[in-house]
1. List Y289, Y30 from most exposed to least, where exposure is judged by having the fewest other Cβ atoms within 10 Å.
2. Within 13 Å, Cβ to Cβ, of E368, how many net charges do the neighbouring residues add up to if Lys/Arg are +1 and Asp/Glu are -1?
3. Place the peptides 294-300, 43-49 in order of packing, highest mean first, counting for every residue the other Cβ atoms within 10 Å and averaging per peptide.
4. What does the charge count near G192 come to, summing +1 for each Lys or Arg and -1 for each Asp or Glu among other residues with Cβ under 13 Å from its Cβ?
5. Could you work out how much longer the chain between E322 and R385 gets when fully extended? Use 0.36 nm per residue separation minus the Cα distance between them, nm to one decimal.
6. Multiply the residue gap between S180 and Q245 by 0.36 nm, knock off their C-alpha separation, and tell me the result in nm, one decimal place.
7. Quick check: Cα centre of the stretch 152-220 to Cα centre of the stretch 341-388, how many Å?
8. May I ask for the equivalent-ellipsoid semi-axes of the stretch 8-145, computed as the square root of five times each C-alpha gyration tensor eigenvalue and listed largest first in whole Å?
Amino acid sequence: MNEGAQQVRVVVVGAGFAADFHLASYQRIYGVDVEVVGIASRTRSKAEALAKRYGVPRVYSDLSAVLEDPDVNVVDLCVPVHLHGEMAVAVAKAGKHVICEKPLVGYVGQGSTPKMEMYRQVVQNLNSIRGAFESNGVRLLYAENWIYAPAIRRGMELMEASGGTILDIRGYESHSGSASEFSKRWETSGGGALLRLGIHPLSVAIYLKQWEGLRRGGKPIHVRDVYGQVANLSKIPTFQDTERQWLATGWQDVENWSLSVLTFEDDTVAVISASDIALGGVENGLEVYLSNARVKCNLDPNTTCQAYAPDPSVFAGVFLNEKLEAASGWSFPTVDHEWVSGYQKELQDFAEAVATDRPPVSGLDLAEEVITVAYALYVSAEWGRRVSLRELNDHL
Ligand SMILES: NC(=O)c1ccc[n+]([C@@H]2O[C@H](COP(=O)([O-])OP(=O)(O)OC[C@H]3O[C@@H](n4cnc5c(N)ncnc54)[C@H](OP(=O)(O)O)[C@@H]3O)[C@@H](O)[C@H]2O)c1
């Protein structure tokens, strides 16, 4: 790293699933003077356990103590979605950079609220967040790991080499649902499968067209209009109680299936699906159809390592693949989860961005377009027709 690079002193907020893989990834950052100096979470005992596991020296009981700590220049938000906006603004006002897990914000309220009202509030919230970051001279580092996944980055090298036009993008994320209770209620999650799962391939589709536009014409290509459809497939009458043993249920006012169709300003398209009702482990991927090539990016599962067990007891207690229900038969054990998912490269980029005072690869501009498009998709699903972003913005 350059002489004069800043030290990076991070506090992770939250002590759950995401905090764990962030902490594992910080340990692998190289060439930057970075240290996780503390963990702040609601349940102190969980923060202490995680701090012990990763050798983190301090535990804070709440965010206000972190904001007053002059040693800390980065706060990494690994908390439920309803806390993102408010915490990000508080941290920015304290003059510290923010790493924020996806999605940047969500509508915090009941799922029955008219979706246009959600869109309006989310856009207002995004404007306040931008204001807080710009006026305090700090950066928003948007933790969308798919942007950094090695399969996507390798695919981008090939797309650039081809010189072709990205005509059609197909992306998907699916698995058998979430164990996290906050994901089942709109007021803590901001939405269902579309916002929680679909947002990953949706972000990459948006990012790729922005990138193509900048690279070839000096200006990003944005989404022009959207068509969305959502469903709650575990609440249909034919889904019987006896079928409930494998899929997550208990969804309250959020969808567990979504389809998103995007049309970009240059008339090209993307189709993204997301599902919480897919057995067999997580399936994450993206396929890009160019004018002169086709690229498939396979995040999960992949076949680098394959294993067979005649009985689940053979691999008892071993992590094979995210959300895999049974460890018998053939499986595709994930190889280096932090690397393959993009978490490692993401935190490397964020640490370098802060140390050298440069923008991150994934920042506020991307986060804003992604959230705006996601809520436009909810409006489209409710209205039952394709909507343009211009039309929605005229309603604001
Ligand atoms: N990029 C990805 O692949 C990925 C994957 C999963 C999640 N995420 C994102 O990561 C974020 C966290 O999700 P998760 O799965 O880690 O959830 P989780 O396992 O439920 O953990 C959430 C943590 O936040 C803590 N918390 C709740 N309210 C708090 C407050 N007011 N102040 C401080 N801490 C508080 C919880 O404390 P308690 O222990 O007291 O409940 C818990 O430790 C979400 O935004 C989610 O979208 C991203």
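Coordinate-derived values only; no laboratory data. A quick note: this is a predicted structure, and the numbers were derived from the prediction, not measured. Here the Cβ is made from the backbone with ideal geometry for all residues, glycine too, and neighbour counts use every protein chain on show.
1. So the ranking, lowest neighbour count to highest, is Y30, Y289.
2. On the way: positive: K102, R130; negative: E134, E144, D365, E369.
The answer is -2.
3. On the way: 294-300: 18.4, 43-49: 14.9.
Descending packing order for the listed peptides: 294-300, 43-49.
4. Numbers: positive: K115, K184, R185, R196, K235; negative: E173, E187, D253, E255, D276.
Neighbourhood net charge equals 0.
5. So the chain would gain 19.2 nm between E322 and R385.
6. This chain segment gains 21.8 nm when fully extended.
7. So the two Cα centres are separated by 8 Å.
8. 26, 17, 13
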